[in-house]
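The values are calculated or read from the model by the stated rules, or taken from the named source; none is laboratory data. All figures in this text were calculated on a predicted structure; none of them were measured in a lab. Cβ sites come from the backbone with ideal geometry, for glycine too, and all protein chains shown count toward neighbours.
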Amino acid sequence: MPLTLFEKIWQSHVVHEEEGRPSLLWIDRHLIHEVTSPQAFDGLRMASRKVRRPDLTFATVDHNIPTTDRSVPIQDPISKKQIDALSKNCTDFGITCFNINSPNQGIIHVIGPELGITLPGMTIVAGDSHTSTHGAFGSLALGIGTSEVEHVLATQCLWLEKPKSLEVHVDGAPPRGVTAKDIILTIIGRLGSAGGTGSVIEYSGNAITSLSMEERMTICNMTIEGGARAGMIAPDETTFRYIQGRRYAPKGKLLVGAEEYWRGLKTDADATFDRKVELNASKMTPQVTWGTTPAMVTDVTGKVPDPDDFQDPQMRGAVASALEYMALEPGTIIQSIKLDRVFIGSCTNSRLEDLVAASKMVKGRKVAPGVRAMVVPGSQLVKYQAEERGLHRIFKEAGFEWRESGCSMCLGMNPDILAPGERCASTSNRNFEGRQGRGGRTHLVSPIMAAAAAVTGHFVDIRSWDMES
Amino acid sequence: MKPFNHHKGIVMPLDRVNVDTDQIVPKQFLKLVERTGFGQYLFYDWRFQADGCPNAEFVLNHPRYQGGAVLLTRGNFGCGSSREHAAWALLDYGFNVLIAPSYADIFYNNCFKNGILPVKLDGTTVNKLFQEVEGEEGYAVSTDLENQTIRKPDGKIINFEIDPYRKKCLLEGLDDISLTLQLEEKIRSHEGKLQPFQVIDVKRL
């Protein structure tokens, strides 16, 4: 029987199946961070249970750690308690933890791939919805709740109902200035924020296969914003090249054997999906969100919509309340929206290629007066590699703050937050009310769009920007 | 987990689509390392003004809905972050039953792990419930999971669908981990057949 990529991974991981209940799946990698794990470890202790496979479990601190000088003690006592709890839990249960002073610390979805922990054909889980990122390698990667974290710690397995399948096929070469972020925002705008609910998406088409691994991670990362359970892209030569030489990845003969297996991990020619959506990247434009869900998005050349444009009364109400929160009038030209803050970072867009692209926009330029702009590399390794290339100097000379790695202002659990009423161009993944700070207003964009916005103080059509200066 | 069977409670209407888990529990309250005590932070940014005073306009603060134990809301409830704190906050506040046309996947799972029953009803029925709840003070419904019914104050019955296995787990208050550990032999057998790339050879590093 012809199978999809998802079905192949599913079948190779089923531990137990019986009629009328979910399937028990083996989990290859479990990633842990400080915010969604303490209650899970407490549960283990209360039941005198051990971690079944500490060797397949990796932890880091990312959500609430400060991105300022690491030699200074953490000011927030509650954050410190959570960070210390993770350290202690990892020590007690024998788990590798990339702690605050580790050269491998970083956002969990940045370090998994860069350390070779993430590989094709795997099942990967974490107590974080953006675990979908790891699907870029052709793995089944899911965000789970804390009870499920405890379950995976204890059993290395997860009960899962088989999701539906959705193919998102994107052909065509994206025009200059249209990035992976714009492709996924366009897809979410089309699907709606619940369009993928109950499904695993496989992204296909030459617009996807021509992307780098980091760009593929951006696509899969935001899959959850369309409501889907996971997103995946079949592994290919680009994937294998990326994996080579990474710390925890197989090497030598083992790698050759693994690659042989991975090459078979693609959807068979006559396999079918429950649903298919097709888009053409050559017609896509740079995207800017105007509302309070990532699906409330439009072209950079567009306008803020009018609630009356929407037929569905609930959507009309949602748009009206989004515009009220965002303090935007219907018909406002996107490029006229003025900004107070710019954030380049997050598990969506904080990797080296993102920072290189953004730096080209700001080189020799200055952040606009009245704008505060910040770059937060996704990991210590990204930061190191960026500094080797001198990117920190370009950003700092332009007036950007250059920070230590972490989730930072994507969710504002650490001191990096928007003040009430501040408006931010952000390369992160969620523009929910209050996400970046109570009363803060978030517009999601690509790294180059964010960088250009920092320089001009408002959104600009990056396609008309001199990108090579 | 406490077994769930019958439940009766006042219905509180939250008339918004796409309520995300950042709204259910804002991030500044995710730093606790316990599972309890999150009820006070439920819908915090809507419920309290910036100065910490209750926002009288928000439905949780309306005197007529005090003691609400059934949350009636709109589609895609619980989207966004996977934080189980959202389920803990709803439960801690006193919501044991949710009614909506649809839920985000991770949140939906989290409800069942905590003994919360998220009922899915079609949009028309949900619309009608909103009208009835707003029209009648003290509007309460009885939820019977065994028979998959919700009884309205007028005695009319709404039937709902639920996956039989999820139902069984809620009814019996089953602990997932102990169920799984009963399958130890199968897990061990699968574990023994892992491919080399799936494991990490520490000596090789």
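Out of (1) facing chain A (nearest Cβ under 10 Å); (2) at pLDDT 95 or above, the odd one out for B:Lys31 is which?
Of the numbered conditions (1) facing chain A (nearest Cβ under 10 Å); (2) at pLDDT 95 or above, the odd one out for B:Lys31 is (2).
Within the range A:238-251, work out how many residues are basic (Lys, Arg) and away from chain B (no Cβ under 12 Å). Quick ask: steps written out before the conclusion?
Taking the range A:238-251 and keeping what is basic (Lys, Arg), we get A:241, A:246-247, A:251.
Imposing the further condition that a residue be away from chain B (no Cβ under 12 Å) reduces the set to A:241.
Number satisfying all stated conditions: 1.
Please find, within the range B:145-159, the residue that is nearest to the other protein chains (Cβ to nearest Cβ) out of those that are assigned to a loop (DSSP other than H, G, I, E, B) and out of contact with any helix residue (DSSP H, G or I) (no Cβ under 9 Å at 6 or more places or on another chain).
B:Asn147
Exactly one of (1) more than 24 Å from the chain's Cα centre (by Cα); (2) within 19 Å of A:Ser139 (Cβ to Cβ); (3) not in a loop (DSSP other than H, G, I, E, B) is unmet by A:Phe41. Its number?
Result: A:Phe41 passes all but (2).
Give all pairs with beta carbons closer than 7 Å in which a residue from the range B:1-27 that is more than 13 Å from every other protein chain (Cβ to nearest Cβ) meets a residue that is of a type in the set (D, E, K, R); count only pairs at least 6 apart in sequence or on separate chains.
Close Cβ pairs (under 7 Å, with a partner that is of a type in the set (D, E, K, R)) amount to B:Pro3/B:Glu172; B:Asn5/B:Glu146; B:His6/B:Asp144; B:Pro13/B:Glu134.
Assess whether A:Leu160 counts as being touching a Phe, Trp or Tyr at 6+ places or on another chain (Cβ under 7 Å) and under 19 Å from A:Val15 (Cβ atoms).
Answer is no for this residue.
Which one is nearest to B:Tyr108 (Cα to Cα) among residues in the range A:188-217 that are touching a residue at least 60 places away in the same chain (Cβ under 8 Å) and touching a Lys or Arg at 6+ places or on another chain (Cβ under 6 Å)?
Selected residue: A:Ser199.
Considering only the range A:14-55, how many residues are closer than 21 Å to A:Tyr248 by Cα, more than 7 Å from chain B (Cβ to nearest Cβ) and not charged (D, E, K, R)?
So the count comes out to 7.
Conditions first: (1) in contact with a helix residue (DSSP H, G or I) (Cβ under 6 Å, 6 or more places away or on another chain); (2) under 20 Å from A:Thr123 (Cβ atoms). A:Pro294 passes all but one, so which condition is the exception?
Unmet for A:Pro294, out of (1) in contact with a helix residue (DSSP H, G or I) (Cβ under 6 Å, 6 or more places away or on another chain); (2) under 20 Å from A:Thr123 (Cβ atoms): (2).
For A:Leu153, work out the one condition from (1) closer than 25 Å to A:Asp354 by Cα; (2) at pLDDT 95 or above it doesn't fulfil.
The one condition A:Leu153 does not meet is (1).
Taking the options B:Val141, B:Val126, name whichever one is under 28 Å from A:Ala194 (Cβ atoms), touching a residue at least 60 places away in the same chain (Cβ under 8 Å) and either β-branched (Val, Ile, Thr) or within 14 Å of chain A (Cβ to nearest Cβ) (or both). Quick ask: steps written out before the conclusion?
Working: B:Val126 fails: touching a residue at least 60 places away in the same chain (Cβ under 8 Å).
It is B:Val141.
Can you tell me which residue among B:Asp20, B:Asp45 is touching a Cys at 6+ places or on another chain (Cβ under 8 Å) and not polar (S, T, N, Q)? Full working, then the answer.
On the way: B:Asp45 fails: touching a Cys at 6+ places or on another chain (Cβ under 8 Å).
The conditions single out B:Asp20.
With respect to the numbered conditions (1) more than 10 Å from chain B (Cβ to nearest Cβ); (2) within 25 Å of B:Arg35 (Cα to Cα), which one is the sole condition not fulfilled by A:Gln156?
(1)
For A:Asp62, state whether it is within 26 Å of A:Arg49 (Cβ to Cβ) and loosely packed, with under 15 Cβ neighbours inside 10 Å. Quick ask: steps written out before the conclusion?
Values: within 26 Å of A:Arg49 (Cβ to Cβ): yes; loosely packed, with under 15 Cβ neighbours inside 10 Å: no.
So A:Asp62 fails the test.
Can you tell me which residue in the range A:399-411 is farthest from A:Ile107 (Cα to Cα), limited to those that are touching a helix residue (DSSP H, G or I) at 6+ places or on another chain (Cβ under 6 Å) and crowded, with 21+ Cβ neighbours inside 10 Å?
For the range A:399-411, the residue satisfying everything is A:Leu411.
Taking the range A:187-204, which residues are touching a strand residue (DSSP E or B) at 6+ places or on another chain (Cβ under 6 Å) and surrounded by fewer than 24 Cβ atoms within 10 Å (Cβ to Cβ)?
A:Gly189, A:Gly198, A:Ser204
Per-residue answers, yes or no, for (1) assigned to a strand (DSSP E or B); (2) more than 14 Å from chain B (Cβ to nearest Cβ); (3) surrounded by fewer than 24 Cβ atoms within 10 Å (Cβ to Cβ):
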{"site": "A:Tyr384", "(1), (2), (3)": "no, yes, yes"}
{"site": "A:His392", "(1), (2), (3)": "no, yes, yes"}
{"site": "A:Glu397", "(1), (2), (3)": "no, yes, yes"}
{"site": "A:Ala425", "(1), (2), (3)": "yes, yes, no"}
{"site": "A:Asn429", "(1), (2), (3)": "no, no, no"}
{"site": "A:Arg435", "(1), (2), (3)": "no, no, no"}
{"site": "A:Ala451", "(1), (2), (3)": "no, yes, no"}
{"site": "A:Ala454", "(1), (2), (3)": "no, yes, no"}
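Condition first: within 19 Å of A:Pro174 (Cβ to Cβ), buried (at least 20 other Cβ atoms within 10 Å of the Cβ) and touching a helix residue (DSSP H, G or I) at 6+ places or on another chain (Cβ under 8 Å). Can you find one or more residues in the range A:263-275 that meet it?
The answer is no, given that none of the residues of the range A:263-275 is within 19 Å of A:Pro174 (Cβ to Cβ), buried (at least 20 other Cβ atoms within 10 Å of the Cβ) and touching a helix residue (DSSP H, G or I) at 6+ places or on another chain (Cβ under 8 Å).
Looking at the range A:64-170, what strands (runs of 3 or more DSSP E) fall wholly within it and have at least 3 residues that are closer than 20 Å to B:Ile200 by Cα and in contact with a strand residue (DSSP E or B) (Cβ under 7 Å, 6 or more places away or on another chain)?
In the range A:64-170, A:96-98, A:123-126 are the strands (runs of 3 or more DSSP E) which contain 3 or more residues that are closer than 20 Å to B:Ile200 by Cα and in contact with a strand residue (DSSP E or B) (Cβ under 7 Å, 6 or more places away or on another chain).
Under the condition of being more than 14 Å from chain B (Cβ to nearest Cβ) and not in a helix (DSSP H, G or I), which residue from the range A:205-237 is surrounded by the most Cβ atoms within 10 Å (Cβ to Cβ)?
Selected residue: A:Met232.
Which ones in the range B:150-205 are in contact with a Ser or Thr (Cβ under 7 Å, 6 or more places away or on another chain), of a type outside the set (D, E, K, R) and farther than 28 Å from A:Arg52 by Cβ?
B:Ile150, B:Ile157, B:Ile158, B:Asn159
Could you list, in sequence order, the residues of the range B:48-80 that are more than 12 Å from chain A (Cβ to nearest Cβ), touching a residue at least 12 places away in the same chain (Cβ under 8 Å) and outside any loop (DSSP other than H, G, I, E, B)?
Selection gives B:Val59, B:Leu60, B:Asn61, B:Arg64, B:Tyr65, B:Gly68, B:Ala69, B:Val70, B:Leu71, B:Leu72.
Please specify each residue of the range A:252-262 satisfying the condition of being at the interface with another protein chain (Cβ under 7 Å from one of its Cβ atoms) and either crowded, with 17+ Cβ neighbours inside 10 Å or aliphatic (A, V, I, L, M) (or both).
Across the range A:252-262, the qualifying residues are A:Leu254, A:Ala258.
Which of the helices (runs of 4 or more DSSP H) contained wholly in the range B:163-205 include at least 1 residues that are more than 7 Å from every other protein chain (Cβ to nearest Cβ), out of contact with any Pro (no Cβ under 6 Å at 6 or more places or on another chain) and over 30 Å from B:Asn114 (Cβ atoms)?
In the range B:163-205, B:184-192 are the helices (runs of 4 or more DSSP H) which contain 1 or more residues that are more than 7 Å from every other protein chain (Cβ to nearest Cβ), out of contact with any Pro (no Cβ under 6 Å at 6 or more places or on another chain) and over 30 Å from B:Asn114 (Cβ atoms).
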